[in-house]
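Visitor: My questions will all concern the structure given below.
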Amino acid sequence: MPITTLPLEHLLTSTDAADFPARRHLSDVSTRIVKSKKVVVVSGAGISCSSGIPDFRSEDGLYALVKARYPDAFFTGKDLFSSGLFSNPNTTSLFYTFIAELSLACNKAQPTRTHHFIHKLERTGRLLRSYTQNVDGLERRLGLESGGRGNGLKKKATRNVELHGDLGRVRCVLCMTDYPAKEEWVGMFQEGSAPDCPACAERCESRVKRSARATTVGTLRPAIVLYDEPHPLCDDIGELQGFDLSRGPDMLLIMGTSLKVHGLKRLVKDFAKAVHTPTGAAGKKGIVVFVNATPPGKEWEGIIDVHVHGTTDRWVEKVEEEWRRIKPGDWEVQTRLDGEMAQVKGVKEVVQVPKAKAGSKLGSKPEATQDKENVPLLTAGQLPTPRSSQSPRKSPFASLSALRPNAMPSSPLRPSKSVDALRPATTPAAPPTPLSPSKRRANMAHDDAAAPESSPSPSKKNKSLEVSVRPPQTGLQATPGRGNLFASPRKQAQVGTMIPDEEVFGSPVKASKKVAAAAARRKKPVAAGKENAEVEEAGTIKAKVAGRAAGARRKVATVAAVAA
(Lines give C-alpha, C1' and ligand atoms only; values in the text may rest on other atoms or scores of the structure.)
Protein backbone atom coordinates (compact mmCIF):
# COMPACT_ATOMS: atom_id res chain seq x y z
CA MET A 1 0.00 0.00 0.00
CA PRO A 2 1.56 3.34 -1.02
CA ILE A 3 2.23 6.06 1.52
CA THR A 4 -0.07 9.10 1.42
CA THR A 5 2.08 12.24 1.40
CA LEU A 6 0.59 15.50 2.67
CA PRO A 7 2.68 18.65 2.03
CA LEU A 8 2.03 20.57 5.22
CA GLU A 9 2.97 24.14 4.28
CA HIS A 10 1.20 23.97 0.94
CA LEU A 11 -2.05 22.65 2.43
CA LEU A 12 -2.10 25.20 5.24
CA THR A 13 -1.83 28.13 2.81
CA SER A 14 -3.74 26.76 -0.18
CA THR A 15 -7.33 27.73 -1.01
CA ASP A 16 -7.58 25.70 -4.18
CA ALA A 17 -10.56 23.38 -4.42
CA ALA A 18 -8.34 20.64 -5.80
CA ASP A 19 -6.49 20.49 -2.48
CA PHE A 20 -9.67 20.03 -0.47
CA PRO A 21 -9.35 16.18 -0.20
CA ALA A 22 -5.77 16.51 1.05
CA ARG A 23 -6.74 19.18 3.56
CA ARG A 24 -9.61 17.00 4.72
CA HIS A 25 -7.22 14.05 5.09
CA LEU A 26 -4.86 16.20 7.16
CA SER A 27 -7.74 17.19 9.42
CA ASP A 28 -8.81 13.55 9.76
CA VAL A 29 -5.33 12.63 10.98
CA SER A 30 -5.59 15.27 13.70
CA THR A 31 -9.01 13.94 14.68
CA ARG A 32 -7.69 10.39 14.93
CA ILE A 33 -4.97 11.56 17.31
CA VAL A 34 -7.50 13.33 19.53
CA LYS A 35 -9.74 10.26 19.67
CA SER A 36 -6.90 7.78 20.21
CA LYS A 37 -6.33 6.30 23.65
CA LYS A 38 -3.02 4.42 23.27
CA VAL A 39 -0.51 6.46 21.28
CA VAL A 40 3.09 5.32 20.89
CA VAL A 41 5.50 8.14 20.03
CA VAL A 42 8.90 7.56 18.39
CA SER A 43 10.94 10.75 18.09
CA GLY A 44 14.33 11.78 16.80
CA ALA A 45 16.59 14.80 16.71
CA GLY A 46 14.23 16.68 14.38
CA ILE A 47 11.88 17.64 17.22
CA SER A 48 14.72 19.56 18.96
CA CYS A 49 15.99 21.55 15.98
CA SER A 50 13.82 24.58 16.78
CA SER A 51 15.48 24.81 20.23
CA GLY A 52 18.96 25.29 18.68
CA ILE A 53 20.18 21.68 18.89
CA PRO A 54 21.28 20.38 15.45
CA ASP A 55 20.23 17.01 14.12
CA PHE A 56 22.60 14.48 12.54
CA ARG A 57 21.98 14.00 8.81
CA SER A 58 20.53 17.26 7.52
CA GLU A 59 22.58 19.90 5.70
CA ASP A 60 23.11 21.77 8.96
CA GLY A 61 23.39 18.62 11.08
CA LEU A 62 26.15 17.33 13.30
CA TYR A 63 27.85 15.33 10.58
CA ALA A 64 28.23 18.40 8.35
CA LEU A 65 29.34 20.47 11.36
CA VAL A 66 32.13 17.98 12.19
CA LYS A 67 33.34 18.00 8.58
CA ALA A 68 33.40 21.81 8.48
CA ARG A 69 35.29 22.07 11.77
CA TYR A 70 37.84 19.33 10.97
CA PRO A 71 38.30 19.47 7.18
CA ASP A 72 41.66 17.66 7.24
CA ALA A 73 40.39 14.78 9.35
CA PHE A 74 40.43 11.34 7.77
CA PHE A 75 37.08 10.36 9.30
CA THR A 76 33.50 11.28 8.60
CA GLY A 77 30.85 12.56 10.94
CA LYS A 78 29.39 9.09 11.30
CA ASP A 79 32.80 7.73 12.31
CA LEU A 80 32.92 10.25 15.12
CA PHE A 81 29.84 8.63 16.70
CA SER A 82 30.92 5.03 16.15
CA SER A 83 32.09 2.69 18.88
CA GLY A 84 35.48 2.26 17.19
CA LEU A 85 36.54 5.84 17.83
CA PHE A 86 38.16 4.94 21.18
CA SER A 87 40.83 2.91 19.38
CA ASN A 88 42.46 6.13 18.13
CA PRO A 89 43.60 8.80 20.64
CA ASN A 90 43.01 11.60 18.11
CA THR A 91 39.40 10.65 17.40
CA THR A 92 38.81 10.12 21.11
CA SER A 93 40.03 13.64 21.90
CA LEU A 94 37.90 15.15 19.12
CA PHE A 95 34.89 13.17 20.32
CA TYR A 96 35.23 14.48 23.88
CA THR A 97 35.55 18.07 22.70
CA PHE A 98 32.58 17.84 20.34
CA ILE A 99 30.33 16.13 22.90
CA ALA A 100 31.21 18.70 25.58
CA GLU A 101 30.11 21.54 23.30
CA LEU A 102 26.94 19.65 22.42
CA SER A 103 26.22 19.11 26.12
CA LEU A 104 26.57 22.83 26.85
CA ALA A 105 24.20 23.62 23.97
CA CYS A 106 21.62 21.15 25.29
CA ASN A 107 21.77 22.71 28.76
CA LYS A 108 20.89 26.11 27.29
CA ALA A 109 18.08 24.78 25.07
CA GLN A 110 14.40 24.79 26.04
CA PRO A 111 11.71 22.21 25.21
CA THR A 112 9.99 22.82 21.89
CA ARG A 113 6.31 22.82 21.02
CA THR A 114 6.60 19.19 20.00
CA HIS A 115 7.97 18.27 23.44
CA HIS A 116 5.03 20.03 25.07
CA PHE A 117 2.67 18.16 22.71
CA ILE A 118 4.08 14.81 23.86
CA HIS A 119 3.70 15.93 27.46
CA LYS A 120 0.09 16.92 26.72
CA LEU A 121 -0.61 13.42 25.43
CA GLU A 122 0.76 12.05 28.68
CA ARG A 123 -1.29 14.38 30.90
CA THR A 124 -4.54 13.60 29.10
CA GLY A 125 -3.97 9.83 29.33
CA ARG A 126 -3.45 9.22 25.61
CA LEU A 127 0.26 8.37 25.65
CA LEU A 128 1.10 4.69 25.93
CA ARG A 129 4.85 5.40 25.96
CA SER A 130 7.44 7.60 24.26
CA TYR A 131 10.63 6.25 22.67
CA THR A 132 13.22 8.86 21.74
CA GLN A 133 16.61 8.82 20.07
CA ASN A 134 17.53 12.18 21.58
CA VAL A 135 20.18 12.55 24.27
CA ASP A 136 19.34 16.14 25.24
CA GLY A 137 16.96 15.16 28.09
CA LEU A 138 14.30 17.78 27.21
CA GLU A 139 11.50 15.28 27.81
CA ARG A 140 12.83 14.68 31.30
CA ARG A 141 12.73 18.41 32.04
CA LEU A 142 9.00 18.55 31.29
CA GLY A 143 8.29 15.83 33.83
CA LEU A 144 8.23 12.71 31.67
CA GLU A 145 9.84 10.02 33.80
CA SER A 146 12.65 8.57 31.67
CA GLY A 147 14.07 6.01 34.09
CA GLY A 148 17.71 5.01 34.00
CA ARG A 149 20.27 6.85 36.11
CA GLY A 150 20.87 3.82 38.28
CA ASN A 151 17.16 3.01 38.77
CA GLY A 152 16.52 0.94 35.64
CA LEU A 153 13.28 1.08 33.64
CA LYS A 154 9.81 0.34 35.04
CA LYS A 155 6.87 -0.92 33.02
CA LYS A 156 4.38 1.65 34.29
CA ALA A 157 6.49 4.33 35.93
CA THR A 158 8.80 4.97 32.98
CA ARG A 159 6.94 7.15 30.45
CA ASN A 160 9.86 8.01 28.14
CA VAL A 161 12.62 5.65 27.01
CA GLU A 162 15.95 7.18 25.96
CA LEU A 163 17.14 4.75 23.30
CA HIS A 164 20.55 6.43 22.83
CA GLY A 165 21.37 7.28 26.41
CA ASP A 166 21.53 10.47 28.45
CA LEU A 167 24.01 13.26 27.77
CA GLY A 168 23.66 14.49 31.34
CA ARG A 169 25.34 11.35 32.70
CA VAL A 170 28.81 9.81 32.44
CA ARG A 171 29.95 6.26 33.05
CA CYS A 172 33.20 4.42 33.49
CA VAL A 173 34.54 2.50 30.51
CA LEU A 174 35.88 -0.19 32.85
CA CYS A 175 33.47 -0.76 35.77
CA MET A 176 30.39 0.86 34.09
CA THR A 177 29.63 2.96 37.22
CA ASP A 178 27.18 5.77 36.41
CA TYR A 179 27.54 9.37 37.65
CA PRO A 180 25.88 12.73 37.00
CA ALA A 181 27.93 14.90 34.63
CA LYS A 182 29.67 17.45 36.84
CA GLU A 183 30.67 20.83 35.51
CA GLU A 184 34.37 20.16 36.12
CA TRP A 185 34.19 16.92 34.17
CA VAL A 186 32.49 18.65 31.23
CA GLY A 187 35.32 21.19 31.27
CA MET A 188 37.88 18.37 31.03
CA PHE A 189 35.95 16.84 28.12
CA GLN A 190 36.00 20.20 26.37
CA GLU A 191 39.79 20.20 26.56
CA GLY A 192 39.92 16.75 24.97
CA SER A 193 40.77 14.69 28.08
CA ALA A 194 38.74 12.26 30.18
CA PRO A 195 38.58 12.28 34.00
CA ASP A 196 39.38 9.20 36.08
CA CYS A 197 36.61 7.06 37.53
CA PRO A 198 36.18 7.77 41.28
CA ALA A 199 35.09 4.17 41.99
CA CYS A 200 38.13 2.66 40.29
CA ALA A 201 40.49 5.14 41.97
CA GLU A 202 39.08 4.36 45.42
CA ARG A 203 39.37 0.63 44.82
CA CYS A 204 42.96 0.93 43.67
CA GLU A 205 43.92 3.15 46.61
CA SER A 206 42.44 0.71 49.13
CA ARG A 207 44.47 -2.13 47.64
CA VAL A 208 47.70 -0.14 47.76
CA LYS A 209 47.16 0.70 51.43
CA ARG A 210 47.05 -2.98 52.34
CA SER A 211 50.16 -3.68 50.24
CA ALA A 212 48.22 -5.36 47.44
CA ARG A 213 48.74 -5.01 43.72
CA ALA A 214 47.26 -1.84 42.22
CA THR A 215 44.40 -2.23 39.77
CA THR A 216 43.68 -0.34 36.59
CA VAL A 217 41.74 2.91 36.94
CA GLY A 218 39.14 3.47 34.23
CA THR A 219 38.16 6.76 32.65
CA LEU A 220 34.75 8.40 32.34
CA ARG A 221 32.92 8.90 29.06
CA PRO A 222 29.55 10.42 28.13
CA ALA A 223 26.72 7.95 28.84
CA ILE A 224 25.39 7.89 25.28
CA VAL A 225 25.03 4.90 22.97
CA LEU A 226 27.21 4.99 19.86
CA TYR A 227 26.80 3.06 16.62
CA ASP A 228 27.47 -0.67 16.88
CA GLU A 229 27.35 -0.44 20.66
CA PRO A 230 24.84 -2.25 22.90
CA HIS A 231 22.62 -0.29 25.23
CA PRO A 232 23.38 -0.85 28.94
CA LEU A 233 19.62 -1.24 29.57
CA CYS A 234 18.84 -3.26 26.44
CA ASP A 235 17.11 -6.03 28.43
CA ASP A 236 14.82 -3.55 30.19
CA ILE A 237 13.98 -1.85 26.89
CA GLY A 238 13.06 -5.21 25.36
CA GLU A 239 10.70 -5.97 28.26
CA LEU A 240 9.02 -2.57 27.94
CA GLN A 241 8.58 -3.01 24.20
CA GLY A 242 6.99 -6.44 24.61
CA PHE A 243 4.71 -5.12 27.33
CA ASP A 244 3.55 -2.20 25.16
CA LEU A 245 2.90 -4.48 22.18
CA SER A 246 0.61 -6.62 24.31
CA ARG A 247 -1.44 -3.59 25.34
CA GLY A 248 -2.78 -2.99 21.82
CA PRO A 249 -1.64 0.50 20.70
CA ASP A 250 -4.07 2.26 18.34
CA MET A 251 -1.67 4.85 16.83
CA LEU A 252 2.04 5.10 16.08
CA LEU A 253 3.39 8.63 15.75
CA ILE A 254 6.92 8.96 14.29
CA MET A 255 8.39 12.46 14.39
CA GLY A 256 11.77 14.00 13.55
CA THR A 257 13.75 10.88 12.61
CA SER A 258 15.01 9.57 9.30
CA LEU A 259 14.65 5.89 10.35
CA LYS A 260 18.22 4.92 9.43
CA VAL A 261 19.27 3.09 12.61
CA HIS A 262 18.76 -0.66 12.44
CA GLY A 263 17.49 -1.07 16.00
CA LEU A 264 14.96 1.73 15.57
CA LYS A 265 13.74 0.22 12.29
CA ARG A 266 12.89 -3.02 14.02
CA LEU A 267 11.10 -1.22 16.86
CA VAL A 268 8.98 0.84 14.43
CA LYS A 269 8.01 -2.19 12.34
CA ASP A 270 6.93 -4.17 15.41
CA PHE A 271 4.74 -1.33 16.67
CA ALA A 272 3.29 -0.71 13.20
CA LYS A 273 2.25 -4.35 12.97
CA ALA A 274 0.52 -4.12 16.35
CA VAL A 275 -1.25 -0.89 15.37
CA HIS A 276 -2.54 -2.38 12.10
CA THR A 277 -3.96 -5.41 13.93
CA PRO A 278 -7.77 -5.03 14.26
CA THR A 279 -8.90 -4.54 17.84
CA GLY A 280 -12.26 -4.22 19.55
CA ALA A 281 -15.66 -5.51 18.54
CA ALA A 282 -15.69 -3.41 15.35
CA GLY A 283 -12.23 -4.63 14.31
CA LYS A 284 -10.94 -1.12 13.72
CA LYS A 285 -7.30 -0.65 12.73
CA GLY A 286 -4.99 2.11 13.87
CA ILE A 287 -2.80 4.31 11.67
CA VAL A 288 0.93 5.04 11.47
CA VAL A 289 1.81 8.71 10.91
CA PHE A 290 5.30 9.87 9.92
CA VAL A 291 6.10 13.58 10.36
CA ASN A 292 9.50 14.67 9.03
CA ALA A 293 11.09 17.08 6.60
CA THR A 294 12.64 14.19 4.62
CA PRO A 295 10.45 11.52 2.98
CA PRO A 296 10.72 7.85 4.00
CA GLY A 297 12.19 5.20 1.71
CA LYS A 298 10.29 2.62 -0.31
CA GLU A 299 10.91 -0.03 2.31
CA TRP A 300 8.30 1.68 4.47
CA GLU A 301 5.42 1.20 2.05
CA GLY A 302 2.70 -0.80 3.73
CA ILE A 303 4.08 0.16 7.14
CA ILE A 304 3.64 3.94 7.21
CA ASP A 305 0.15 5.14 6.26
CA VAL A 306 0.55 8.93 6.13
CA HIS A 307 3.63 11.09 5.66
CA VAL A 308 3.24 14.70 6.74
CA HIS A 309 6.00 16.54 4.89
CA GLY A 310 7.06 19.44 7.10
CA THR A 311 8.41 20.44 10.50
CA THR A 312 7.02 18.83 13.60
CA ASP A 313 6.29 22.11 15.42
CA ARG A 314 4.19 23.43 12.52
CA TRP A 315 2.19 20.23 12.33
CA VAL A 316 1.69 20.08 16.11
CA GLU A 317 0.24 23.59 15.96
CA LYS A 318 -2.35 22.39 13.43
CA VAL A 319 -3.22 19.36 15.55
CA GLU A 320 -3.68 21.46 18.67
CA GLU A 321 -6.15 23.72 16.83
CA GLU A 322 -8.28 20.71 15.93
CA TRP A 323 -7.88 19.34 19.46
CA ARG A 324 -9.19 22.55 21.04
CA ARG A 325 -12.18 22.50 18.72
CA ILE A 326 -13.08 18.83 19.27
CA LYS A 327 -12.39 18.55 23.00
CA PRO A 328 -12.04 21.98 24.61
CA GLY A 329 -12.27 20.44 28.07
CA ASP A 330 -8.73 19.04 27.71
CA TRP A 331 -7.38 22.57 27.54
CA GLU A 332 -9.24 24.13 30.48
CA VAL A 333 -6.96 25.29 33.27
CA GLN A 334 -8.09 25.84 36.85
CA THR A 335 -6.59 28.98 38.35
CA ARG A 336 -5.38 28.86 41.93
CA LEU A 337 -6.01 31.73 44.34
CA ASP A 338 -3.22 31.83 46.92
CA GLY A 339 -4.70 33.95 49.67
CA GLU A 340 -6.36 36.43 47.32
CA MET A 341 -9.85 36.53 45.87
CA ALA A 342 -10.39 37.93 42.41
CA GLN A 343 -13.29 40.29 41.91
CA VAL A 344 -16.36 38.59 40.51
CA LYS A 345 -17.59 40.58 37.54
CA GLY A 346 -21.26 40.85 36.58
CA VAL A 347 -22.61 39.94 40.05
CA LYS A 348 -24.70 42.76 41.55
CA GLU A 349 -27.02 41.03 43.94
CA VAL A 350 -27.29 37.69 45.63
CA VAL A 351 -30.57 36.44 47.10
CA GLN A 352 -30.56 33.13 48.95
CA VAL A 353 -33.83 31.28 49.58
CA PRO A 354 -33.28 28.28 51.86
CA LYS A 355 -35.10 25.04 51.23
CA ALA A 356 -37.71 23.77 53.70
CA LYS A 357 -36.05 21.60 56.33
CA ALA A 358 -37.29 18.17 57.33
CA GLY A 359 -39.90 18.41 60.09
CA SER A 360 -40.98 21.94 59.22
CA LYS A 361 -44.65 22.79 58.92
CA LEU A 362 -46.13 21.96 55.53
CA GLY A 363 -47.11 25.02 53.58
CA SER A 364 -44.92 27.47 55.51
CA LYS A 365 -43.28 30.07 53.29
CA PRO A 366 -39.48 30.44 53.46
CA GLU A 367 -38.15 33.81 54.43
CA ALA A 368 -35.67 35.61 52.16
CA THR A 369 -32.39 35.97 53.96
CA GLN A 370 -31.26 38.99 51.95
CA ASP A 371 -33.45 41.56 50.33
CA LYS A 372 -32.66 43.48 47.21
CA GLU A 373 -31.68 46.70 48.95
CA ASN A 374 -29.42 45.27 51.66
CA VAL A 375 -27.29 42.86 49.58
CA PRO A 376 -23.67 44.18 49.54
CA LEU A 377 -21.55 43.98 46.42
CA LEU A 378 -18.73 41.44 46.29
CA THR A 379 -15.32 43.05 46.60
CA ALA A 380 -11.80 41.66 46.31
CA GLY A 381 -10.84 39.58 49.30
CA GLN A 382 -14.43 39.09 50.54
CA LEU A 383 -16.89 36.23 50.29
CA PRO A 384 -20.69 36.64 50.36
CA THR A 385 -21.86 35.88 53.92
CA PRO A 386 -25.55 34.89 54.23
CA ARG A 387 -27.62 36.55 56.98
CA SER A 388 -28.88 34.25 59.73
CA SER A 389 -32.52 33.30 59.36
CA GLN A 390 -35.20 31.69 61.56
CA SER A 391 -36.76 28.59 60.14
CA PRO A 392 -40.49 28.36 60.90
CA ARG A 393 -41.35 25.85 63.62
CA LYS A 394 -44.39 23.70 63.95
CA SER A 395 -46.51 23.58 67.06
CA PRO A 396 -46.52 20.12 68.63
CA PHE A 397 -50.32 20.41 69.11
CA ALA A 398 -51.15 20.76 65.40
CA SER A 399 -54.16 18.84 64.14
CA LEU A 400 -54.37 16.24 61.41
CA SER A 401 -56.72 18.54 59.53
CA ALA A 402 -53.69 20.36 58.10
CA LEU A 403 -52.92 17.30 55.96
CA ARG A 404 -56.19 17.36 54.05
CA PRO A 405 -55.88 18.18 50.33
CA ASN A 406 -58.13 21.23 50.56
CA ALA A 407 -55.95 22.62 53.32
CA MET A 408 -52.66 22.47 51.39
CA PRO A 409 -51.25 25.99 50.85
CA SER A 410 -49.90 27.29 47.60
CA SER A 411 -46.28 26.60 46.65
CA PRO A 412 -43.84 29.09 48.18
CA LEU A 413 -41.58 28.88 45.09
CA ARG A 414 -43.90 30.63 42.66
CA PRO A 415 -42.08 33.14 40.43
CA SER A 416 -42.32 36.68 41.72
CA LYS A 417 -41.26 39.99 40.26
CA SER A 418 -39.94 41.25 43.56
CA VAL A 419 -37.91 39.64 46.28
CA ASP A 420 -40.21 41.21 48.90
CA ALA A 421 -43.02 38.93 47.72
CA LEU A 422 -41.19 35.97 49.30
CA ARG A 423 -41.63 37.38 52.80
CA PRO A 424 -44.40 35.79 54.91
CA ALA A 425 -47.48 37.87 55.69
CA THR A 426 -47.30 37.21 59.42
CA THR A 427 -44.56 36.32 61.82
CA PRO A 428 -44.79 32.69 63.03
CA ALA A 429 -45.88 32.28 66.66
CA ALA A 430 -43.31 31.32 69.24
CA PRO A 431 -43.43 27.69 70.46
CA PRO A 432 -45.15 27.06 73.84
CA THR A 433 -43.08 26.65 76.98
CA PRO A 434 -42.53 22.97 77.84
CA LEU A 435 -44.21 21.67 81.02
CA SER A 436 -42.50 19.99 83.91
CA PRO A 437 -42.83 16.18 84.30
CA SER A 438 -45.21 16.49 87.27
CA LYS A 439 -47.56 18.80 85.37
CA ARG A 440 -47.48 16.51 82.32
CA ARG A 441 -48.50 13.51 84.47
CA ALA A 442 -51.30 15.52 86.09
CA ASN A 443 -52.60 16.61 82.69
CA MET A 444 -52.49 13.05 81.38
CA ALA A 445 -54.48 11.77 84.39
CA HIS A 446 -57.05 14.56 83.94
CA ASP A 447 -57.38 13.80 80.22
CA ASP A 448 -57.83 10.08 80.91
CA ALA A 449 -60.60 10.76 83.39
CA ALA A 450 -62.36 13.30 81.16
CA ALA A 451 -61.93 11.63 77.77
CA PRO A 452 -60.51 8.09 77.96
CA GLU A 453 -60.71 7.64 74.21
CA SER A 454 -58.76 10.81 73.29
CA SER A 455 -55.57 10.36 71.29
CA PRO A 456 -52.23 10.93 73.04
CA SER A 457 -49.73 13.63 72.14
CA PRO A 458 -47.59 13.14 68.99
CA SER A 459 -44.25 11.36 69.27
CA LYS A 460 -40.99 13.26 69.45
CA LYS A 461 -39.60 11.58 66.35
CA ASN A 462 -42.35 12.80 64.00
CA LYS A 463 -44.04 15.99 65.06
CA SER A 464 -45.58 16.69 61.65
CA LEU A 465 -48.15 13.84 61.95
CA GLU A 466 -50.41 12.86 64.85
CA VAL A 467 -51.13 9.18 65.15
CA SER A 468 -53.75 7.90 67.56
CA VAL A 469 -52.46 4.92 69.54
CA ARG A 470 -55.07 2.71 71.23
CA PRO A 471 -54.62 -0.40 73.42
CA PRO A 472 -55.31 -3.83 71.88
CA GLN A 473 -59.02 -4.74 71.84
CA THR A 474 -60.07 -8.19 73.13
CA GLY A 475 -63.85 -7.68 73.19
CA LEU A 476 -63.98 -8.00 76.99
CA GLN A 477 -64.61 -5.46 79.69
CA ALA A 478 -61.45 -4.18 81.32
CA THR A 479 -60.84 -3.70 85.02
CA PRO A 480 -59.31 -0.33 85.95
CA GLY A 481 -55.65 -0.82 86.79
CA ARG A 482 -55.66 -4.53 85.81
CA GLY A 483 -56.61 -4.79 82.17
CA ASN A 484 -58.69 -7.48 80.50
CA LEU A 485 -56.05 -10.00 79.32
CA PHE A 486 -56.87 -12.43 82.19
CA ALA A 487 -60.64 -11.88 82.32
CA SER A 488 -62.90 -14.88 81.85
CA PRO A 489 -65.23 -14.64 78.79
CA ARG A 490 -67.99 -16.58 80.62
CA LYS A 491 -68.27 -14.18 83.51
CA GLN A 492 -68.41 -10.55 82.47
CA ALA A 493 -69.31 -7.94 85.01
CA GLN A 494 -71.51 -5.06 84.19
CA VAL A 495 -70.04 -1.64 83.56
CA GLY A 496 -69.27 0.15 86.80
CA THR A 497 -69.01 -3.06 89.00
CA MET A 498 -65.85 -4.47 90.55
CA ILE A 499 -64.72 -8.01 89.69
CA PRO A 500 -63.44 -10.15 92.63
CA ASP A 501 -59.81 -11.11 92.66
CA GLU A 502 -60.58 -14.84 92.41
CA GLU A 503 -62.50 -14.23 89.19
CA VAL A 504 -59.59 -12.39 87.60
CA PHE A 505 -56.47 -14.15 88.85
CA GLY A 506 -58.03 -17.24 90.56
CA SER A 507 -58.65 -17.88 94.26
CA PRO A 508 -55.62 -19.00 96.34
CA VAL A 509 -57.83 -21.49 98.28
CA LYS A 510 -59.03 -23.20 95.16
CA ALA A 511 -55.51 -23.31 93.82
CA SER A 512 -54.17 -25.09 96.91
CA LYS A 513 -56.94 -27.74 96.74
CA LYS A 514 -56.17 -28.45 93.10
CA VAL A 515 -52.49 -28.96 93.88
CA ALA A 516 -53.28 -31.43 96.74
CA ALA A 517 -55.59 -33.48 94.52
CA ALA A 518 -52.94 -33.73 91.83
CA ALA A 519 -50.35 -34.93 94.34
CA ALA A 520 -52.71 -37.61 95.64
CA ARG A 521 -53.30 -38.89 92.13
CA ARG A 522 -49.57 -39.13 91.47
CA LYS A 523 -48.83 -40.88 94.81
CA LYS A 524 -50.70 -44.11 94.22
CA PRO A 525 -48.99 -45.33 91.06
CA VAL A 526 -45.65 -44.36 92.49
CA ALA A 527 -46.20 -46.57 95.61
CA ALA A 528 -47.41 -49.55 93.56
CA GLY A 529 -44.44 -49.39 91.33
CA LYS A 530 -42.03 -49.18 94.22
CA GLU A 531 -43.61 -52.30 95.86
CA ASN A 532 -43.31 -54.34 92.69
CA ALA A 533 -39.66 -53.38 92.41
CA GLU A 534 -38.95 -54.61 95.95
CA VAL A 535 -40.64 -57.98 95.25
CA GLU A 536 -38.62 -58.49 92.09
CA GLU A 537 -35.37 -57.64 93.91
CA ALA A 538 -36.14 -60.19 96.72
CA GLY A 539 -36.82 -62.99 94.21
CA THR A 540 -33.53 -62.29 92.49
CA ILE A 541 -31.59 -62.55 95.75
CA LYS A 542 -33.24 -65.90 96.65
CA ALA A 543 -32.35 -67.36 93.28
CA LYS A 544 -28.72 -66.34 93.67
CA VAL A 545 -28.52 -67.98 97.16
CA ALA A 546 -30.08 -71.23 95.89
CA GLY A 547 -27.62 -71.38 93.02
CA ARG A 548 -24.65 -70.91 95.30
CA ALA A 549 -25.90 -73.72 97.65
CA ALA A 550 -26.33 -76.15 94.77
CA GLY A 551 -22.79 -75.43 93.63
CA ALA A 552 -21.39 -76.10 97.07
CA ARG A 553 -23.18 -79.44 97.25
CA ARG A 554 -21.74 -80.51 93.92
CA LYS A 555 -18.20 -79.69 95.05
CA VAL A 556 -18.66 -81.76 98.27
CA ALA A 557 -19.95 -84.76 96.29
CA THR A 558 -17.02 -84.56 93.93
CA VAL A 559 -14.45 -84.46 96.76
CA ALA A 560 -16.09 -87.47 98.41
CA ALA A 561 -15.99 -89.46 95.23
CA VAL A 562 -12.34 -88.74 94.75
CA ALA A 563 -11.54 -89.75 98.35
CA ALA A 564 -13.41 -93.08 97.92
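The values are calculated or read from the model by the stated rules, or taken from the named source; none is laboratory data. No experiment lies behind these values; they were computed from the predicted model shown. All Cβ positions, even for glycine, are placed from backbone atoms using ideal geometry, and neighbour counts span all protein chains on display. Surface areas here come from the heavy atoms of the whole protein model, side chains and all, with no ligands, DNA or RNA. Shrake-Rupley method; radii C 1.70, N 1.55, O 1.52, S 1.80 Å.
Visitor: Could you work out how much longer the chain between Lys78 and Glu9 gets when fully extended? Use 0.36 nm per residue separation minus the Cα distance between them, nm to one decimal.
Guide: So the extension gain works out to 21.7 nm.
Visitor: Could you order the peptides 3-12, 539-548, 163-172 from most to least packed, using the average number of other C-beta atoms within 10 Å per residue?
Guide: Ranking the peptides 3-12, 539-548, 163-172 by packing returns 163-172, 3-12, 539-548.
Visitor: Could you pull the accessible area for Cys200 with a 1.4 Å probe, rounded to 10 Å²?
Guide: Surface accessible to solvent at Cys200 totals approximately 0 Å².
Visitor: Skipping prolines and chain starts, which residues have an amide H placed within reach, meaning under 5 Å, of the one on Leu153, given they are 5 or more residues away or on another chain?
Guide: Here Gly148 satisfy the definition.
Visitor: A further question on this structure: How would the range 114-161 be classified by its alpha-carbon gyration tensor: rounded, prolate or oblate, with rounded meaning a/c under 1.5 and the a/b versus b/c comparison settling the rest?
Guide: Because a/c hits 1.5 or more and a/b fails to exceed b/c, the range 114-161 counts as oblate.
Visitor: Give the distance, in whole Å, between the Cα centre of the range 159-235 and the Cα centre of the range 87-109.
Guide: Using only Cα atoms, the two centres lie 15 Å from each other.
Visitor: Let me ask something additional. Based on the Cβ-Cβ distance of Glu317 and Glu239, what FRET efficiency does E = 1/(1 + (r/R0)^6) give at R0 = 41 Å, to the nearest 0.05?
Guide: 0.70
Visitor: Students often get this wrong, so check it: of Lys35/Lys120; Lys78/Lys260; Lys108/Lys155; Lys156/Lys284; Lys38/Lys156; Lys38/Lys155, which have C-alpha atoms separated by over 19 Å?
Guide: Going by Cα-Cα distance, Lys108/Lys155; Lys156/Lys284 fall outside the 19 Å limit.
Visitor: Going by amide H atoms built from the backbone, whose H comes under 5 Å of the H on Tyr227, apart from near neighbours?
Guide: The list, which skips near neighbours in sequence, is Ser82, Ser83.
Visitor: Separate question: Mind giving me the nanometre distance, one decimal, between the label points for Thr177 and Lys269, set 7 Å out from Cα along Cα→Cβ?
Guide: With each label placed 7 Å out from Cα toward Cβ, I get 4.1 nm.
Visitor: Please give the contour-minus-distance gain from Arg553 to Ala105: 0.36 nm per residue of separation, less the Cα-Cα distance, rounded to one decimal in nm.
Guide: Full-extension gain reported as 147.8 nm.
Visitor: Let me ask you something else. Taking the highest mean first, how do the peptides 217-225, 28-36 order by number of other beta carbon atoms within 10 angstrom per residue?
Guide: So the order, starting with the most tightly packed, is 217-225, 28-36.
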